[in-house]
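The values are calculated or read from the model by the stated rules, or taken from the named source; none is laboratory data. In this text, all values refer to a predicted model and were calculated from it rather than measured experimentally. Neighbour counts are summed over all protein chains in view; Cβ atoms, including those assigned to glycine, are modelled from backbone coordinates with ideal geometry.
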Amino acid sequence: MTTTTSGTSGTSTTTLEELERRATARRDRPSYGHDALIACDRLVRIFTTDGVEVQALQGLDLLVTEGELMALVGASGSGKSTLMNILAGLDVPTAGAAKVAGCDLLAMDGKARLRYRREVVGFVWQQTARNLLPYLTAAQNVALPMQLKDGRKGGTRQKARRAEELLAMLGMSEHADRRPHQMSGGQQQRVAIAVALANNPSVLLADEPTGELDSATGEQVFAAFRRANEELGTTIVIVTHDQAVASEVRRTVAIRDGRTSSEVLRRTEVDETGQESLVAREYAMLDRAGRLQLPAEYTEALEMRHRVALELEQDHIGVWPDDKG
């Protein structure tokens, strides 16, 4: 038995045996995101306001491997903050799948979600006032998450030592006994990073952590994130509008209209003279449904609207404007 199909690239004939072989291969394929620390699969989040539905996430796919330091960028309303709130356990997706360090974010009850926020993820807010309690010193702020996790049971000396180590790693030892109002904004953010790392989370999330800082101070805060990533191996995801921060990470993912739209990967290359240079390349993202977001400047330049013609070549796919003739 054979099956005949036709399309933009011509006509092909497929045998029943070939279809069975393909089906078997799909069944034996590892599940999507099986080796990723963060896996978002066709993630949907719909908000309803005054009877009007708004789709903040529209089938978003994202994979983050363990140990990555990456940035999420996107215009206001693109869905990046909604995604961060879901990953932080502060919001629940409407549909799709999302897992972080083996935790199913759609299946957790209230108790499991609280434990998740205390033990699996750390979070740094843009507003420094949201990260630290004003009446506690830096060292006390760092020790507090450990006390909450353990129910304030013993181990005071170990908690104090852990707080000292984190503050020292981030260059804040001399400010350990100061309260937030006695520190600058950049110093507060570095203490906030130590607070987020207190319980040794699998993932550290940061929402515009340099948004209220000048460029020089922002560089110091980002250096603290890099040190945490390199010395502790913590996976870090930063939402940012700051292009200086985005260009400092090896991977930057752009979100547009509730989906991942493009990705920039950076790598270091060494030429024949031994000179090192950072090379960046941008890729368009292909989601699990095979959808591709073409850059607006490309489609406008070729007057692509409503539909395009596709042609399968040996090593690429051609995308052509609709033949109006």
Inset, instruction - Quick one: count up the residues across the stretch 268-325 that are without any contact (Cβ under 8 Å) to a residue 60 or more places away in the chain, of a type outside the set (D, E, K, R), over 22 Å from Ala246 (Cα atoms) and assigned to a loop (DSSP other than H, G, I, E, B). - result: 10
Inset, instruction - Mind counting the residues in the stretch 78-91 that are of a type in the set (A, V, I, L, M, F, W, C) and not in a loop (DSSP other than H, G, I, E, B)? - result: 4
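Table: residues versus (1) in contact with a helix residue (DSSP H, G or I) (Cβ under 9 Å, 6 or more places away or on another chain); (2) closer than 24 Å to Glu66 by Cα; (3) in the same structural domain as Arg117 (by TED's automatic domain parsing); (4) modelled with pLDDT under 85.
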| residue | (1), (2), (3), (4) |
| --- | --- |
| Ala206 | yes, yes, yes, no |
| Ala228 | yes, yes, yes, no |
| Glu248 | yes, yes, yes, yes |
| Val264 | yes, yes, yes, no |
| Ala280 | no, yes, yes, no |
| Ala301 | no, no, no, no |
| Arg307 | no, no, no, no |
| Glu313 | no, no, no, no |
| Asp322 | no, no, no, yes |
Inset, instruction - Kindly provide the set of residues from the stretch 40-72 that are part of a strand (DSSP E or B), surrounded by fewer than 20 Cβ atoms within 10 Å (Cβ to Cβ) and touching a residue at least 24 places away in the same chain (Cβ under 8 Å), ordered by number. - result: Asp41, Arg42, Val44, Ile46, Gln55, Gln58, Gly59, Leu63
Inset, instruction - Quick one: in the stretch 226-261, of everything that is among the basic types (Lys, Arg) and farther than 16 Å from Cys40 by Cα, which residue is nearest to the chain's Cα centre (by Cα)? - result: Arg251
Inset, instruction - For residues that are crowded, with 21+ Cβ neighbours inside 10 Å and closer than 11 Å to Gly186 by Cα, tally how many sit in the stretch 206-242. - result: 7
Legend entry - Filter result for the condition that a residue is in the same structural domain as Leu197 (by TED's automatic domain parsing), surrounded by fewer than 17 Cβ atoms within 10 Å (Cβ to Cβ), in a helix (DSSP H, G or I) and hydrophobic (A, V, I, L, M, F, W, C), over Ala112, Ala75: Ala112
